[in-house]
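The values are calculated or read from the model by the stated rules, or taken from the named source; none is laboratory data. Worth saying up front: this structure is predicted, and the values here are computed from it rather than measured. Cβ: placed from backbone, ideal geometry, glycine included. Neighbour counts: every protein chain shown. Ligands, DNA and RNA are stripped out before the accessible areas are found, and what is left, the full protein with its side chains, is counted by its heavy atoms. Shrake-Rupley method; radii C 1.70, N 1.55, O 1.52, S 1.80 Å.
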Amino acid sequence: NAFGDILDEKGDVLAGGRVSSQPVNVASFILQEMPPEDSSAASFDFALDQPAANPSGAGDETLHTCTTLGVVFTNVDLDRNALLRIGKMATAGFARSICPAFTPFDGDIIYTFSTATCKASRLSAPDTETIVGQLAAACMCGAIRRAVRLANDIK
């Protein structure tokens with residue numbers, strides 16, 4: 001449930017934002033339709049059809065449920081710092097498939113785990129981390145696109 005559009009391999013929109021129930025390119029909308037300073041709802045999330053996280057109206061009305069969660073599992077024996085780096089690299093998959101990504105309306109996060117059942121003895125630690133991180137980014141990007149392609153249409 002990203003705030004931004006989900007892009008395909010060519011950069012075309014697979015799914016995305018809507019204004020008055022009509023599709024809109026979110027990145028273009030943000031740049032062209034900046035909320036006026038005197039607006040009581042000077043926020044893009046009110047212009048875009050986004051579901052409120054707190055429908056009762058109590059609390060901060062700008063909080064939304066635009067969150068993409070990701071999980072990376074590997075069997076490669078990696079330490080905590082390597083897993084953190086791989087998680088950071090995996091966020092590239094978000095950026096490749098969601099535009100814009102990591103907005104204030106998003107709560108995007110990736111968790112990274114290792115079962116540590118495989119030793120990568122023939123490669124250096126940085127080489128191993130780079131390979132696993134690149135694979136994680138590619139998988140994350142592909143998983144987001146696949147989820148959109150398999151999702152039910154908005155009626």
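Could you give the dipole magnitude of segment 83-150 about its Cα centre, charging the beta-carbon of Lys and Arg +1 and that of Asp and Glu -1, in debye to the nearest 20?
That gives a dipole near 220 debye.
Using Cα pairs under 8 angstrom and six or more residues apart, how large is the relative contact order of segment 76-131, in percent?
That works out to 58 percent.
Computing the accessible area with a 1.4 Å probe over protein heavy atoms, can you report the carbon and sulfur percentage for segment 78-155? Write down the numbers at each step before the final one.
Details: 2940 of 4940 Å².
For segment 78-155, the apolar C and S fraction of the accessible surface comes to 60 percent.
How much length is gained if the chain between residue 123 and residue 152 is pulled fully straight, taking 0.36 nm per residue apart and subtracting their Cα-Cα distance, in nm to one decimal?
This chain segment gains 6.1 nm when fully extended.
With a ≥ b ≥ c taken as the square roots of the eigenvalues of the C-alpha gyration tensor of segment 92-155, please select rounded if a/c is under 1.5 and otherwise prolate if a/b is larger than b/c or oblate if it is not? Provide the component values of the computation, followed by the final result.
Values: a/c = 2.73, a/b = 2.09, b/c = 1.30.
Note, shape of segment 92-155 comes out prolate.
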